[in-house]
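This report concerns only the one structure given below.
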Amino acid sequence: MDNLEKIEAQSIYILRESYREFKNMCMLWSIGKDSTVLLWLARKAFFGHVPFPLVHIDTSYKIPEMIQYRDDLVKKWKLNMVYGQNKEALANKQTYPDGNVDRIQCCKNLKSGALKHTLSGDWTRYRFDHDVQDYVEDSNKEPYTGVIVGVRADEEGSRSKERYFSPRDKENDWDVGDQPPEFWNQFKTDFSPGTHLRIHPLLDWTELNIWEYIQRENIPITGLYFDRGKGQRYRSLGCYPCTGSVESTSTSVPEIIEELRSGKFANIAERSGRAQDKEDGGGLETLRREGYM
Amino acid sequence: MLDNKIVQSQLEYTDQQPEINAKNESLIDTLERMNIVIVGHVDHGKSTFIGRLLADTGTLPKGKLDQVKAMCAANAKPFEYAFLLDALKDEQSQGITIDTARSFFKSEKRNYIIIDAPGHIEFLKNMITGAARAEAAILVIDAHEGVQENSRRHGYMLSLLGIRQIIVCVNKMDLVDNNKEKFNAIVKEYQEFLDEIKLTPLAYVPISAREGDNLIAPSESMPWYKGGDVLTWMDKCEKQASKDKQPFRFPVQDVYKFTEAGDDRRVFAGTIETGTISDGDEIVFLPSNKEAKITSIEGFNLPKQSSVGAGYATGFTISPQLYIKPGELICKKGETPAKYGTNFKANLFWLGKKPLVQNKKYKIKIGAARATVYLKEIIHVLDASALTTESSKSHVDRHDVAECVFQTLKPIAYDISSDIESTGRFVIIDDYEIAGGGIISESVDSTSRLEDVAHQRQFLWEKSEITAADRSRQMEQTPTLILLAGPRDTGKIELAKFLEESLFKSGKKVYYLGLPNMVGGVSSDIPEGVEDRDEHIRRLGELAHLFTNAGMILISTISDLDTYEIKMLKTLLDGDQLIIVYCGEYKNQFPVDSIISKADGEEPEASIQKIMELVEAKQADTNYYL
């Protein structure tokens, strides 16, 4: 087994363990490369099926191409797709692009807040109806208590402390100091009723592994990651007001792999284009406690 | 829920040729990867070691060093390499590592993941989490402070966790003037300890993490040391040998049938722990001892496989179709099978907030199996830091290491850990938490837990003057539990009530006990939402024992059932006082006395008639013996 096969097997094991143990599960699909790899791994784990809904938080500031790509794959793979949104903050213009709040608060409003209420089911969820080929209000208001998320340990300091199975208490708090032990591929899968859980099958993957796997499996990825003639591409996808592109002429997956391995990005952190990380010393850590993924 | 159309299209996709980019495989990094954990007593310099290693090997992301330096400057504190890893706010404020953190770096030989394990005793579970993922370990001892409690405890934990490749770094040599004698004294003291647990490290290396001495190159500060720097020793660690040669072990993680699929595959999913398996191989499920043959190896976006080996997360279809619950262990016929039973001896470390005690119900997870388990006996408790043995201790405290005998309620399949490591170790769950881990050292021949309970109960029972035979004669019936089993929603409850009424009208002393009647009363101590099937079966068995002891016929229903649960009930009842009627499509899931299937178009009256005949037959039997 090579390294990619090993981490693939581990991720599949964790996905299957989650599916066995938890009801009311969903998987977050940010449309980016990591969670798309995660979606692919789910199809691997369940032999072509994805037996739980995919959830996307639409901040309305996503690059339009991302939404297009999302809906194309939803149709092609007939996915059970659900999205949610902070309608109130958008209506009241409580966003950074509107100039009314700072970047961190904007993330709190449009991402963490929307996520929390979409997961709990107290805000409207929109589910893709394959019969009418459009999103309709989802009648399922049950809270999702298990959420599969595509975070990687190498992304950023706070993520390197995550567990594969990470309980959050009722306030969604993450007690970094008191996390359950995980060893011998046995995870904490027993919970008192009402516990919420984050599951992180990609914890051991690096940015390079993600691209190598995309290459090996031929996973369809949004074109935003590639240079399309302007000498620029996105390395990490987010909302357009806060996500900068990087200067790169990579037009294909092999070129990106080359660039990451030995080229100019070999020593530059992936999220360096994300402005919200820089606003305070531990911006992302603050957000993660609030449920940001 | 997916509709048919959706799933069909997914299947069409599955049937396509796998889209694997063979031509570009050369792009994929073939460098092997190794997890190495850094352990040791608190403040002996683990984080500094990693920070310095990352900086010196030039593997830090460009922004990182500057970012941390700037943060230090902003807070007016001197820069330390340890801060590189301490990315979390509360960790910085305490100045100790509380959780394992992973860092990535690369040598010419391989990619490394360095796992930073906390040294503070309070965070032992985090240390174990980190160390269990590692193939090798670096154990750091402060040259100035010398061997401390957790230097020893961590060494012992590494041996229990099965990590055999250990590099001991005597750190902060600069604080002892790079003194050779000081180094040798620590080596001697620590080796004496390791000898007791039969552990030999790969090397002892004198280092100064802060100064970068002997980390990635030999240091000029310690010319007397010629044994090689830490990185050289790391590169000398070996990857674990392939487990393909060992007997086949496949814990059944789940059984999938995504019926909405138009997909008729019934797939046994899991990860191969050891060995290999091929299409057509004959297999045996343990502990049920059912046999079948592999008919296909399943996968998605994969070329058709005829065999698959250790480490792969895969799936099989089998023939004939068997009723198997997740948790069984598949072995290959013709190879050494796994053991199975209810009693075994193990070495265990305990992390639980509450001590491990006897007569308390725990849950064990081993392979994919979960079972109810009890601590049967403590052979001895070891103080891991001092390595002194206490044999008189009646419980196992947090952070203790002990040798114990465990007893499960139902049989489980396992291996002796020295034979096959991955199926020879388990965790114990107490109050929803992973509270301990153990490795099985031997099987113990003994009775099961419930046999012990039933035996004890018999011993304590205060008998009245009326015998069972007296009651039987007067009540003109044989006391029996009639259990209607089978899948959910097959009309078991209606049938049970109809049966009660029919038996009652024919003069029997009969009582119907519904599941909700138990939940609200006898089982009201089990919190809502908690499913404890073993306990439910036990209580049902004990209630049925009381009813039958009083001469009654008791009727109840249960969804699904397995051979062990039937055995549990028979153990608690008097063996033959049980009639099991299967409602639904019977596929030989477990032995039954009668089958009632709506598919046969049988009228309820006829079904009842069948069961009543069984009751009469039992009575005829009894009368014969009376």
The A/B contact buries a total accessible area, at probe radius 1.4 Å and rounded to the nearest 100 Å², of 7400 Å²
In vacuo Debye scattering of segment B:250-332, one point per C-alpha: log10 I(q)/I(0) at q = 0.17 Å⁻¹? -0.62
So the angle from the long Cα axis of helix B:563-572 to the longest Cα principal axis of chain B, reported in degrees to the nearest 10, equals 70 degrees
With a 1.4 Å probe and every protein chain left in place, work out the accessible area per residue of the protein assembly as shown in Å², rounded to a whole number. 41 Å²
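Identify the trypsin sites (Lys or Arg not before Pro) of segment A:206-261 meeting these criteria: DSSP loop state and at most 15 other C-beta atoms within 10 Å of the C-beta.
A:R228, A:K230
Please average, across the residues of A:40-53, the number of beta carbons from any other chain that are within 10 Å of each residue's own beta carbon, and give a whole number.
6
Where the convex hull is taken over the Cα atoms of segment A:3-205, what is its projected area averaged over directions, in nm²?
12.2 nm²
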Whole-percent carbon and sulfur share, accessible surface of segment B:339-445, 1.4 Å: 43 percent
Kirkwood hydrodynamic radius of segment B:369-526, from inverse mean 1/r over distinct Cα pairs, in Å: 20.8 Å
Segment B:463-625: D in µm²/s via Stokes-Einstein (Kirkwood Rh, Cα pairs, 4 °C, 1.567 mPa s)? 79 µm²/s
Sequence of A:E259, B:E211 from largest to smallest accessible area, 1.4 Å probe: B:E211, A:E259
Distance between modelled label sites at B:V357 and B:E501, nm, 7 Å Cα→Cβ extension: 4.9 nm
What is the set of long-range amide H partners of B:T295 at a cut-off below 5 Å, with H atoms built 1.01 Å from backbone N? B:G280, B:T317, B:I318, B:S319
Restricted to the protein assembly as shown, the DSSP antiparallel beta bridge percent, nearest 5, is 65 percent
Compute the helix-to-body angle for B:604-625: its Cα long axis versus the longest principal axis of chain B, expressed 0 to 90° and rounded to tens. 90 degrees
What percent does the relative contact order of chain B come to when contacts are Cα pairs within less than 8 Å and at least six residues apart? 9 percent
With a 1.4 Å probe on protein heavy atoms only, tell me which residues of segment A:205-244 lose at least 30 Å² of accessible surface in the complex relative to the chain by itself. A:E212, A:Q215, A:R216, A:E217, A:N218
At a cut-off of 50 Å², which residues of segment B:264-306 become less accessible once all protein chains are present than in their chain alone, using a 1.4 Å probe? B:F300
Sorted peptide list for B:168-179, B:358-369, criterion being average Cβ within 10 angstrom, highest first: B:168-179, B:358-369
Could you name the aspartates and glutamates whose alpha carbon sits less than 12 Å from that of B:K598, not counting residues in the same chain fewer than 8 places away? B:D489, B:E585
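Can you give the relative contact order of segment B:116-179 as a percent, counting alpha carbon pairs under 8 Å and 6+ residues apart?
37 percent
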Which whole number gives the average count of other chain Cβ atoms within 10 Å of the Cβ atoms across peptide B:428-437? 4
The orientation-averaged projected area of the Cα convex hull of the protein assembly as shown, in nm², is 41.9 nm²
Normalise the Debye intensity by I(0) for segment B:505-547, one equal point scatterer per Cα, no solvent, then take log10 at q = 0.18, 0.20, 0.26 Å⁻¹ and round to two decimals. -0.57, -0.67, -0.98
To the nearest 10 degrees, how steep is helix B:449-460 against the longest Cα principal axis of chain B, on a 0 to 90 scale? 60 degrees
Above-threshold pairs, the threshold being 24 Å between Cα atoms, out of B:K492/B:K618; A:K108/B:K353; B:K509/B:K570; A:K6/A:K33: A:K108/B:K353
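Over segment A:1-113, what is the relative contact order in percent, taking alpha-carbon pairs closer than 8 angstrom and at least six residues apart?
20 percent
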Rounded to the nearest percent, how much of the accessible area of segment B:33-236 (1.4 Å probe, protein heavy atoms only) is carbon and sulfur? 49 percent
Taking 1 over the mean of 1/r across every pair of different Cα atoms in segment A:1-99, what Kirkwood radius in Å do you get? 15.2 Å
Under 5 Å between amide H atoms, partner at least 5 residues away or on a different chain: which partners does B:T557 have, H built in plane at 1.01 Å? B:L484, B:L515
Taking the inverse of the average 1/r across all pairs of different Cα atoms in segment B:33-236, what Kirkwood radius in Å do you get? 16.9 Å
Contour minus Cα-Cα distance for B:K239 and B:H455 (0.36 nm per residue): 72.7 nm
Return the aspartates and glutamates within reach of B:K333: Cα separation strictly under 18 angstrom, same-chain partners fewer than 8 residues apart disregarded; answer none if there are no such residues. B:D244, B:E273, B:D279, B:D281, B:E282, B:E291, B:D415, B:D419
For segment B:263-322, which whole-number percentage of the solvent-accessible area (1.4 Å probe, protein heavy atoms only) is attributable to carbon and sulfur atoms? 46 percent
Express in % the proportion of alpha carbon pairs of chain B at distances exceeding 50 Å. 27 percent
Would you mind checking the pairs B:K69/B:K125; B:K293/B:K345; B:K325/B:K505; A:K75/A:K141 and listing those with alpha carbons more than 28 angstrom apart? B:K69/B:K125; B:K293/B:K345; B:K325/B:K505
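The values are calculated or read from the model by the stated rules, or taken from the named source; none is laboratory data. Please read all numbers here as calculations on a predicted model, not as lab measurements. Neighbour counts run over all protein chains shown; Cβ positions are idealised from the backbone, glycine included. Note: areas computed on protein heavy atoms with side chains; ligands, DNA, RNA excluded. Shrake-Rupley method; radii C 1.70, N 1.55, O 1.52, S 1.80 Å.
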